[in-house]
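Participant: Let me begin by handing over the structure; questions about it come next.
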Amino acid sequence: MNRRSLYVVFAAVIMLSFALFAGCSKPPTEEMTKADKAVEDARQKEAPAYVPDLFAKAEDSLKKAKDYVAAKKYKEAKQAAIETQTLAQQAVAGIEEAKTKMKAEADQTLQDVQKGIDDLKAMVPQFAKKKTLAAARDELQGAVTKWEGDLTSIKEKLEAKTKEAIDDLKAMKEQIDKKKEEATGLLSAPPAPPAKNK
């Protein structure tokens, strides 16, 4: 190989290296835009409520991509942006399955709550038989009436905000279970001995 050929090859290698370096030194604007849009689309479709873990991973990946851009690590930024898009798309894909699962859970909890209310309503007349439990009967009747009203509004909320409604149902179920336990204890307690007159 003559000297001139060597210079040509050397110059070609330098130009190729420069071209590669220049190509990698630009911020991955298109990928970052797509990543931002993918995360925002997932947020709009309520991914934080239905697939919170997957959505959090997508947000973390987006933050990482932005940090890489700020540090001028464009190759890593591009990879993180592409990963963000994938995670956000997976989150969106998982929303329907999560909604279906939550709906089934909501239906079951709704049935449990309704049964709990019905059980408490059935206990109210038993309280009426014991005059010493009149105050407890009135409190129980008031709680049942309140929960029936709350249940109606939760049923309406289930159509629009399933996750929120499920949380409300679970809280109500806990209150009802506690009240049932309390009422059962009052009904099964032996009657207090009559007060002695002096």
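The values are calculated or read from the model by the stated rules, or taken from the named source; none is laboratory data. Keep in mind it's a predicted model, so treat the numbers as computed, not measured. Note that we place each Cβ from the backbone using ideal geometry, even for glycine, and neighbour counts take in every protein chain shown.
Residue-by-condition table, conditions (1) within 30 Å of ASP177 (Cα to Cα); (2) surrounded by 13 or more Cβ atoms within 10 Å (Cβ to Cβ); (3) at pLDDT below 90:
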| position | (1), (2), (3) |
| --- | --- |
| VAL92 | no, yes, no |
| GLU105 | yes, yes, yes |
| LEU110 | yes, yes, yes |
| GLN126 | yes, yes, yes |
| THR132 | yes, no, yes |
| GLU139 | yes, yes, yes |
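Participant: Condition first: aliphatic (A, V, I, L, M), buried (at least 16 other Cβ atoms within 10 Å of the Cβ) and within 17 Å of the chain's Cα centre (by Cα). Can you find one or more residues in the stretch 74-83 that meet it?
Facilitator: no
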